Amino acid sequence: MERILALRKKVNEIDERILYFLKERMEVCESIGAIKEEHEIPVRDYQREDEVYTNVMKKASELKLNPQEVKAIYQEIIAMCARIQESDTKI
(Lines give C-alpha, C1' and ligand atoms only; values in the text may rest on other atoms or scores of the structure.)
Protein backbone atom coordinates (compact mmCIF):
# COMPACT_ATOMS: atom_id res chain seq x y z
CA MET A 1 0.00 0.00 0.00
CA GLU A 2 2.91 2.31 0.71
CA ARG A 3 4.07 1.97 -2.91
CA ILE A 4 0.63 3.01 -4.15
CA LEU A 5 0.68 6.07 -1.90
CA ALA A 6 4.13 7.04 -3.18
CA LEU A 7 3.01 6.62 -6.78
CA ARG A 8 -0.16 8.63 -6.15
CA LYS A 9 1.98 11.40 -4.68
CA LYS A 10 4.04 11.37 -7.86
CA VAL A 11 0.84 11.53 -9.96
CA ASN A 12 -0.29 14.55 -7.93
CA GLU A 13 3.04 16.26 -8.58
CA ILE A 14 2.76 15.56 -12.31
CA ASP A 15 -0.81 16.88 -12.34
CA GLU A 16 0.38 20.09 -10.70
CA ARG A 17 3.06 20.55 -13.37
CA ILE A 18 0.48 19.94 -16.11
CA LEU A 19 -1.72 22.65 -14.59
CA TYR A 20 1.16 25.12 -14.49
CA PHE A 21 1.91 24.40 -18.15
CA LEU A 22 -1.78 24.87 -19.01
CA LYS A 23 -1.78 28.21 -17.23
CA GLU A 24 1.38 29.25 -19.10
CA ARG A 25 -0.19 28.20 -22.41
CA MET A 26 -3.33 30.15 -21.61
CA GLU A 27 -1.28 33.28 -20.82
CA VAL A 28 0.56 33.00 -24.14
CA CYS A 29 -2.73 32.50 -25.97
CA GLU A 30 -4.17 35.51 -24.18
CA SER A 31 -1.27 37.60 -25.55
CA ILE A 32 -1.88 36.19 -29.02
CA GLY A 33 -5.55 37.12 -28.64
CA ALA A 34 -4.65 40.72 -27.83
CA ILE A 35 -2.56 40.93 -31.00
CA LYS A 36 -5.37 39.34 -33.03
CA GLU A 37 -7.85 41.86 -31.64
CA GLU A 38 -5.51 44.77 -32.37
CA HIS A 39 -5.13 43.64 -35.99
CA GLU A 40 -8.75 42.45 -36.38
CA ILE A 41 -7.70 38.85 -37.00
CA PRO A 42 -10.28 36.13 -36.26
CA VAL A 43 -9.73 34.19 -33.04
CA ARG A 44 -9.97 30.76 -34.65
CA ASP A 45 -7.30 29.77 -37.16
CA TYR A 46 -8.34 26.31 -38.27
CA GLN A 47 -5.20 25.77 -40.36
CA ARG A 48 -3.05 26.44 -37.28
CA GLU A 49 -5.26 24.17 -35.18
CA ASP A 50 -4.78 21.36 -37.71
CA GLU A 51 -1.00 21.90 -37.52
CA VAL A 52 -1.14 21.58 -33.73
CA TYR A 53 -3.20 18.37 -33.97
CA THR A 54 -0.83 16.90 -36.55
CA ASN A 55 2.21 17.74 -34.41
CA VAL A 56 0.83 16.42 -31.12
CA MET A 57 -0.52 13.27 -32.73
CA LYS A 58 2.86 12.55 -34.29
CA LYS A 59 4.64 13.14 -30.99
CA ALA A 60 2.03 11.06 -29.15
CA SER A 61 2.70 8.17 -31.51
CA GLU A 62 6.44 8.46 -30.93
CA LEU A 63 5.81 8.35 -27.17
CA LYS A 64 3.54 5.29 -27.52
CA LEU A 65 0.44 7.29 -26.54
CA ASN A 66 -2.88 6.98 -28.32
CA PRO A 67 -2.85 9.81 -30.92
CA GLN A 68 -6.66 10.10 -31.02
CA GLU A 69 -6.90 10.44 -27.25
CA VAL A 70 -4.16 13.07 -27.24
CA LYS A 71 -5.95 14.92 -30.05
CA ALA A 72 -9.15 14.94 -27.97
CA ILE A 73 -7.25 16.48 -25.05
CA TYR A 74 -5.79 19.14 -27.33
CA GLN A 75 -9.19 19.91 -28.81
CA GLU A 76 -10.27 20.88 -25.30
CA ILE A 77 -7.09 22.86 -24.68
CA ILE A 78 -7.52 24.79 -27.93
CA ALA A 79 -11.19 25.44 -27.11
CA MET A 80 -10.10 26.85 -23.73
CA CYS A 81 -7.58 29.09 -25.47
CA ALA A 82 -10.16 30.31 -27.98
CA ARG A 83 -12.57 31.14 -25.15
CA ILE A 84 -9.95 33.19 -23.34
CA GLN A 85 -9.21 35.09 -26.58
CA GLU A 86 -12.92 35.78 -27.14
CA SER A 87 -13.59 36.76 -23.55
CA ASP A 88 -13.19 40.05 -21.76
CA THR A 89 -12.12 38.07 -18.73
CA LYS A 90 -8.38 37.70 -18.57
CA ILE A 91 -6.15 35.40 -16.61
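The values are calculated or read from the model by the stated rules, or taken from the named source; none is laboratory data. A quick note: this is a predicted structure, and the numbers were derived from the prediction, not measured. Positions of Cβ are backbone-derived with ideal geometry, glycine not excepted, and every protein chain shown enters the neighbour counts.
Looking at segment 24-40, is at least one residue among the small types (Gly, Ala, Ser) and in contact with a Gly (Cβ under 9 Å, 6 or more places away or on another chain)? For segment 24-40, residues among the small types (Gly, Ala, Ser) and in contact with a Gly (Cβ under 9 Å, 6 or more places away or on another chain): absent. Say we look at segment 1-36 and pick out the residues that are closer than 23 Å to ALA79 by Cβ and basic (Lys, Arg); which of these is surrounded by the fewest Cβ atoms within 10 Å (Cβ to Cβ)? By that ranking, first place goes to ARG17. Considering only segment 41-59, I want to know if a residue exists there that is on the phi < 0 side of the Ramachandran plot, at pLDDT 95 or above, in contact with a Cys (Cβ under 6 Å, 6 or more places away or on another chain) and not acidic (Asp, Glu). Checked segment 41-59: no residue is on the phi < 0 side of the Ramachandran plot, at pLDDT 95 or above, in contact with a Cys (Cβ under 6 Å, 6 or more places away or on another chain) and not acidic (Asp, Glu).
Do we have ILE77 as at pLDDT below 95, closer than 17 Å to LEU19 by Cα and surrounded by 12 or more Cβ atoms within 10 Å (Cβ to Cβ) here? In short, no. Taking segment 42-91 as the range and being among the small types (Gly, Ala, Ser), more than 14 Å from the chain's Cα centre (by Cα) and within 20 Å of GLU27 (Cα to Cα) as the test, only SER87 passes. Any idea which of LYS36, LYS64, LYS71 is within 19 Å of ILE18 (Cβ to Cβ) and touching a residue at least 12 places away in the same chain (Cβ under 8 Å)? Among LYS36, LYS64, LYS71, only LYS71 is within 19 Å of ILE18 (Cβ to Cβ) and touching a residue at least 12 places away in the same chain (Cβ under 8 Å).
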